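Student: Let me give you the structure first, and then I'll get to my questions.
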Amino acid sequence: MSSCQPTFDFKTFNRNNMKLNLKIWRQENAKAKGKMVDYTVDHIEPDMSFLEMLDILNDQLIVKGQDTVAFDHDCREGICGMCSLYINGEAHGPDRLVTTCQLHMRKFKDGDTIYIEPFRAKAFPVIKDLVVDRSAFDRIQQSGGFVSVNTSGNTIDANSIPIPKADADRAFDAATCIGCGACVATCKNSSAMLFVSAKVSQFALLPQGKVEATDRVMNMVSQMDAEGFGNCTNTGACEVECPKGISLDFIAQMNREYLAASLKG
Amino acid sequence: MALDSKIPEGSISDKWTNYKDHINLVNPANKRNLDVIIVGTGLAGGSAAATLAELGYNVKAFCFQDSPRRAHSIAAQGGINAAKNYQGDGDSTFRLFYDTVKGGDYRAREANVHRLAEVSTNIIDQCVAQGVPFAREYGGLLDNRSFGGTLVSRTFYAKGQTGQQLLLGAYSAMNRQIGRGKIKMHNRHEMLDLVIVDGKARGIIARDLITGKIERHSAHAVVIASGGYGNVFFLSTNAMGSNVTAAWKIHKRGAFFANPCYTQIHPTCIPVSGDHQAKLTLMSESLRNDGRIWVPAKVEDAKAIREGKLKPTQIAEADRDYFLERRYPAFGNLVPRDIASRAAKERCDAGHGVNKTGEAVYLDFAAAIQRYGVDQARLKHLDENDSATVIKLGTEVVANKYGNLFQMYEKIVDEDPYTTPMMIYPAVHYTMGGTWVDYNLQTTIPGCFSIGESNFSDHGANRLGASALMQGLADGYFVLPYTIGDYLAPDIKMGTISTDLPEFEEAEKNVIAQINQLMNNGGSKPADYFHKKLGKIMWDKVGMARNEKGLIEAQAEIAQIREEFYKEVKIPGTADSFNPELAKALRVADFLELGELFAKDALHRNESCGGHFREEYQTPEGEAQRDDENFAYVAAWEYKGNPSDAVLHKEELKFENVKLVQRSYK
């Protein structure tokens, strides 16, 4: 049986292969001072993903006896939200509506210089190199990103409350946020409004979420502020760089929810 | 040791109710004196953590990702089954049970599968109550679609991101309990050993992946929810970090490992493009609702396509072989996954494959776009004979159903699937085998439970589409919360378990010794080098088709790679810092043991069933040939040092409610 499973050989010749200059942020740990370090990597093919390019760099570094570049990644199909990277000044790189793991090297040319940095924000401290701590996002969700129903299984039949298709679809659009943090890294104020508004809006659009709408928006916004994220000044940069195309309209929706909640006191 | 599956008495439909009526309960005040460790926060682990915390237990949850929301359940696309019968198309609990047992090629335990079908409807109610935005019809009620191996529409979905939405639901339920302090969440932690005290699971040794610190954690019970082991093939649709380590560590401490050779090769994945590839991407099975699978009927056409001289759209209808529709007219493109995968391989092996490597078939939406386009044109009173209008309208419908999948395909392959057929090929996707558990989901180690994909119990030798999400949430929300209470009831006065016990010290020493050995061996090759070598052997000799000679060779070759690995692997950096290469090497070490047991299991099972296809055992038409007389049992392996020394224990499978017949989808 023939097989296309790979054997380890990063020198495989390919007529389309590219040589690239990389300038990568290296930082030993949260307390250490970081700096940009130059690398070259060759035998890169256009069909490779950006992270496969970094895999090859790391394998080359190991063979040379050097420490590898740390970066976050997991599903490699654009849904887990684990991968990040600020590539040539853009979160998830130059392509639109993709995460870094879905960015392919065909977007670059032989001889290009590529700048690779972590997602930078006060609320996202660097753990090592390109890996940052995004647990502030979890804490915001813990402050109110849920419907308070127990999971015991004794609830009402799923079809007992009809939900207009348009509302369900819009709630779904909000719920597709993958929590990667590109919005924060892109925003000049490091605001997390797009992220928080997506969860607030998902629940605000559904009857199940309306019951606790007031407390939810107040608590989540308060936690967002406590984590050190900046204010929203409506530049819209977050929407442009969001790999899932989360709409700015959700920020408007959250502002309405917040105002209504504030008036209720 | 005799295996006791602890199946309750009574008729199949009464077992679970009777069981719940007679188990021990723990009163709410005592639950707060009991600690439970849960390893893994996907659908099974996340839902279990939330529910146990709501009930009052102190939960300590662990995941290797930076947040529970990133567990690989998030990548499940197509949907979740439930016997709601909202469509009125003849569905019922019994039919879901029957389809699952049949789909699993009669190698699953009836009682567990029936319980799964019973609780399936609760899952949908629960998820809607949590605010999961399932797809709906215009009337506001929930929509359904069909999946492989069934004749009804029972699959609930949220576009092609159902796993994401269900996981975020479980994550939100967890967040509520983390906020209340009832779940202590340990992100970026990897479990590296199980601690057994007086014969019972009482804790784990974990490594903090940020600091490298080795930690001791104690509890009254330990739940493994760490997913499947598909990454033993290196290339699979699993996440890069998905691993067998937690499940393998408990195996080494006494938990039997069941049916490791039952692996699902999913028919609709994006084909491999080159030897740089780190993972494969699935295209949801839901696409088979509307996509038609074909290859060129003439070998010379396939050759011309491979050489770039011909385009698929240039092949006339009469020169296309819709091989699933031809071979299986009753189920057509919606045959179960194992059958669809083997049929694609058979056509490619016969020279009809269509991409550069010759290992791809087409998944074509042209007919669906045409059909939907005509429907829409009629609805909107437009000209149904105007092909531009029809294609435009039909494309909109298809985009609305599968838009994110089409976009994902286009980004990876750089071709537009709306105008040229997708290319697909089978890839490793899910593992039906896993830790052996009894009806209580308890392993052969008292107090150590295994739920979701990490156990073996519900899918037999082949899992039907949209059933993994169902099983994960069933185990976590609705089954384990009962069974673990029954186990914990005698421990209410025990108090916190000390981590200073000698058993913790011994386990910690083991872990540190293995890490030191790997760090200081003076090797020169990356862990990936060994992982890829292992993967190639697994795919070539233990993959979609297996034979005696290949399996014997595979066992010896894997043992050899394992030996080389310990001598030659190179891990840069230090053990007491953030070190992804060390984390990877520790996982590869366990895959190198599991792989050998996997081949041993495949060799011993002298029959073909579900995802396990032995070339020696097939019907004249090339279908899997089961041997019910000799192999209607679960193969549960006991660890004895080397994988080659593992001892086989058999749990005989009794079929009292489903008649054993040759599976037919014709």
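Student: Out of the residues in segment B:561-608 that are among the aromatic types (Phe, Trp, Tyr) and in a helix (DSSP H, G or I), state the one that is surrounded by the most Cβ atoms within 10 Å (Cβ to Cβ).
Tutor: Filtering segment B:561-608 for residues that are among the aromatic types (Phe, Trp, Tyr) and in a helix (DSSP H, G or I), the one surrounded by the most Cβ atoms within 10 Å (Cβ to Cβ) comes out as B:598.
Student: Looking at B:105, B:66 in this structure, which one is away from chain A (no Cβ under 14 Å) and either at pLDDT below 95 or crowded, with 23+ Cβ neighbours inside 10 Å (or both)?
Tutor: Details: B:66 fails: away from chain A (no Cβ under 14 Å).
Only one candidate passes the filter, namely B:105.
Student: Which members of segment B:532-548 meet the condition of being more than 9 Å from every other protein chain (Cβ to nearest Cβ), assigned to a helix (DSSP H, G or I) and surrounded by fewer than 23 Cβ atoms within 10 Å (Cβ to Cβ)?
Tutor: Passing the criteria: only B:548.
Student: Looking at B:474, B:461, B:466, can you tell me which residue is aliphatic (A, V, I, L, M) and not in a loop (DSSP other than H, G, I, E, B)?
Tutor: On the way: B:461 fails: not in a loop (DSSP other than H, G, I, E, B); B:466 fails: not in a loop (DSSP other than H, G, I, E, B).
Exactly one of B:474, B:461, B:466 is aliphatic (A, V, I, L, M) and not in a loop (DSSP other than H, G, I, E, B), namely B:474.
Student: Are any residues in segment A:65-92 touching a strand residue (DSSP E or B) at 6+ places or on another chain (Cβ under 9 Å) and either touching a residue at least 40 places away in the same chain (Cβ under 8 Å) or at the interface with another protein chain (Cβ under 7 Å from one of its Cβ atoms) (or both), and if so, which ones?
Tutor: The initial filter retains those residues of segment A:65-92 that are touching a strand residue (DSSP E or B) at 6+ places or on another chain (Cβ under 9 Å), namely A:67, A:69-72, A:76-77, A:84-89, A:92.
Of everything in segment A:65-92, those that are touching a strand residue (DSSP E or B) at 6+ places or on another chain (Cβ under 9 Å) and either touching a residue at least 40 places away in the same chain (Cβ under 8 Å) or at the interface with another protein chain (Cβ under 7 Å from one of its Cβ atoms) (or both) turn out to be A:67, A:69, A:70, A:71, A:72, A:76, A:77, A:84, A:85, A:86, A:92.
Student: Starting from segment B:123-137, keep only residues that are at the interface with chain A (Cβ under 7 Å from one of its Cβ atoms), then list their pairs with residues that are at pLDDT below 95 and in a helix (DSSP H, G or I) whose Cβ atoms are within a distance under 7 Å, requiring at least 6 positions of separation or different chains.
Tutor: From residues that are at the interface with chain A (Cβ under 7 Å from one of its Cβ atoms), there are no pairs.
Student: Out of the residues in segment B:215-236 that are more than 28 Å from residue B:558 (Cβ to Cβ) and part of a strand (DSSP E or B), state the one that is nearest to the chain's Cα centre (by Cα). Break it down stepwise before answering.
Tutor: In the first step, residues of segment B:215-236 are kept if they are more than 28 Å from residue B:558 (Cβ to Cβ); the result is B:215-223.
Filter again for part of a strand (DSSP E or B), leaving B:215-218, B:221-223.
Numbers: B:215: 29, B:216: 29, B:217: 28, B:218: 28, B:221: 24, B:222: 21, B:223: 17 Å.
Among them, the one singled out is B:223.
Student: Let me ask something additional. Tally time: how many residues in segment B:388-433 are more than 30 Å from residue B:636 (Cα to Cα), polar (S, T, N, Q) and modelled with pLDDT of 95 or more?
Tutor: Going residue by residue through segment B:388-433, those that are more than 30 Å from residue B:636 (Cα to Cα) are B:388-425.
With polar (S, T, N, Q) added as a condition, the list becomes B:389, B:395, B:400, B:404, B:407, B:419-420.
Filter once more, so that each one left must be modelled with pLDDT of 95 or more: B:389, B:395, B:419-420.
Selection size over segment B:388-433: 4.
Student: Quick one: in segment B:262-279, of everything that is over 18 Å from residue B:536 (Cβ atoms) and within 16 Å of the chain's Cα centre (by Cα), which residue is farthest from the other protein chains (Cβ to nearest Cβ)? Even if it seems obvious, please write down each step before you answer.
Tutor: Step one: list which residues in segment B:262-279 are over 18 Å from residue B:536 (Cβ atoms), which gives B:262, B:264, B:266-268, B:270.
Still in the list and also within 16 Å of the chain's Cα centre (by Cα): B:262, B:264, B:266-268.
On the way: B:262: 20, B:264: 17, B:266: 13, B:267: 16, B:268: 14 Å.
Of everything passing the filter in segment B:262-279, B:262 is farthest from the other protein chains (Cβ to nearest Cβ).
Student: Let me ask another. Does segment A:26-46 contain at least one residue that is among the aromatic types (Phe, Trp, Tyr) and in contact (Cβ under 8 Å) with a residue 40 or more places away in the chain? Talk me through it step by step, then tell me what you get.
Tutor: From segment A:26-46, those among the aromatic types (Phe, Trp, Tyr) are A:39; that's our starting set.
Narrowing further to those that are in contact (Cβ under 8 Å) with a residue 40 or more places away in the chain: none.
Checked segment A:26-46: no residue is among the aromatic types (Phe, Trp, Tyr) and in contact (Cβ under 8 Å) with a residue 40 or more places away in the chain.
Student: Looking at residue B:53, is it at pLDDT 95 or above, assigned to a helix (DSSP H, G or I), in contact with a strand residue (DSSP E or B) (Cβ under 7 Å, 6 or more places away or on another chain) and of a type outside the set (Asp, Glu)? I'd like the intermediate steps shown before the answer.
Tutor: On the way: at pLDDT 95 or above: yes; assigned to a helix (DSSP H, G or I): yes; in contact with a strand residue (DSSP E or B) (Cβ under 7 Å, 6 or more places away or on another chain): yes; of a type outside the set (Asp, Glu): yes.
Against the criterion (at pLDDT 95 or above, assigned to a helix (DSSP H, G or I), in contact with a strand residue (DSSP E or B) (Cβ under 7 Å, 6 or more places away or on another chain) and of a type outside the set (Asp, Glu)), residue B:53 qualifies.
Student: When the residues of segment B:164-206 are narrowed to those that are within 25 Å of residue B:124 (Cβ to Cβ) and of a type in the set (Gly, Ala, Ser), which ends up surrounded by the most Cβ atoms within 10 Å (Cβ to Cβ)?
Tutor: Filtering first and then ranking leaves B:170.
Student: Is it the case, given these coordinates, that residue B:236 is among the small types (Gly, Ala, Ser), over 30 Å from residue B:402 (Cβ atoms) and touching a residue at least 40 places away in the same chain (Cβ under 8 Å)? Step through it out loud before you land on a result.
Tutor: On the way: among the small types (Gly, Ala, Ser): yes; over 30 Å from residue B:402 (Cβ atoms): no; touching a residue at least 40 places away in the same chain (Cβ under 8 Å): yes.
The answer is no for residue B:236.
Student: While we're here: So, of the residues in segment B:148-183 that are among the charged types (D, E, K, R) and outside any helix (DSSP H, G or I), which turns out to be nearest to the other protein chains (Cβ to nearest Cβ)?
Tutor: If we take residues in segment B:148-183 being among the charged types (D, E, K, R) and outside any helix (DSSP H, G or I), then B:159 is nearest to the other protein chains (Cβ to nearest Cβ).
Student: Right, another one. Test residue B:477 against the criterion of being of a type in the set (Ser, Thr, Tyr) and under 17 Å from residue B:46 (Cα atoms), and give yes or no.
Tutor: Numbers: of a type in the set (Ser, Thr, Tyr): yes; under 17 Å from residue B:46 (Cα atoms): yes.
Yes: the conditions hold for residue B:477.
Student: Take segment B:460-489 and flag every residue that is charged (D, E, K, R), crowded, with 24+ Cβ neighbours inside 10 Å and farther than 21 Å from residue B:339 by Cβ.
Tutor: Filtering segment B:460-489 for residues charged (D, E, K, R) gives B:463, B:475, B:486.
Still in the list and also crowded, with 24+ Cβ neighbours inside 10 Å: B:463, B:475.
The one that is charged (D, E, K, R), crowded, with 24+ Cβ neighbours inside 10 Å and farther than 21 Å from residue B:339 by Cβ: B:475.
Student: Now for a separate question. Quick test for you: out of B:258, B:239, pick the one residue that is within 19 Å of the chain's Cα centre (by Cα) and within 14 Å of another protein chain (Cβ to nearest Cβ). Walk me through how you get there before you give the answer.
Tutor: Details: B:258 fails: within 14 Å of another protein chain (Cβ to nearest Cβ).
Only one candidate passes the filter, namely B:239.
Student: For the subset of segment B:357-381 comprising residues that are surrounded by fewer than 16 Cβ atoms within 10 Å (Cβ to Cβ) and not in a helix (DSSP H, G or I), which member is farthest from the chain's Cα centre (by Cα)?
Tutor: Top of the filtered list is B:381.
Rundown of residues vs (1) more than 16 Å from the chain's Cα centre (by Cα); (2) closer than 19 Å to residue A:255 by Cα, yes/no style:
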position: A:169; (1), (2): yes, no
position: A:175; (1), (2): no, yes
position: A:180; (1), (2): no, no
position: A:183; (1), (2): no, yes
position: A:190; (1), (2): no, yes
position: A:193; (1), (2): no, yes
position: A:199; (1), (2): no, yes
position: A:203; (1), (2): yes, yes
position: A:206; (1), (2): yes, yes
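Student: When you check residue B:99 against the structure, is it farther than 30 Å from residue B:212 by Cβ and crowded, with 24+ Cβ neighbours inside 10 Å, yes or no?
Tutor: Working: farther than 30 Å from residue B:212 by Cβ: yes; crowded, with 24+ Cβ neighbours inside 10 Å: yes.
Judged against the criteria, residue B:99 is a match.
Student: Out of the residues in segment B:609-630 that are within 23 Å of the chain's Cα centre (by Cα) and not in a loop (DSSP other than H, G, I, E, B), state the one that is farthest from residue B:559 (Cα to Cα).
Tutor: B:624
Student: Take the conditions under 21 Å from residue A:86 (Cα atoms) and either surrounded by fewer than 17 Cβ atoms within 10 Å (Cβ to Cβ) or without any contact (Cβ under 8 Å) to a residue 12 or more places away in the chain (or both) and apply them to residue A:134. Does it pass?
Tutor: Working: under 21 Å from residue A:86 (Cα atoms): yes; either surrounded by fewer than 17 Cβ atoms within 10 Å (Cβ to Cβ) or without any contact (Cβ under 8 Å) to a residue 12 or more places away in the chain (or both): no.
The answer is no for residue A:134.
The values are calculated or read from the model by the stated rules, or taken from the named source; none is laboratory data. Owing to the predicted nature of the structure, the values given are computational and were not obtained by experimental measurement. Neighbour counts are summed over all protein chains in view; Cβ atoms, including those assigned to glycine, are modelled from backbone coordinates with ideal geometry.
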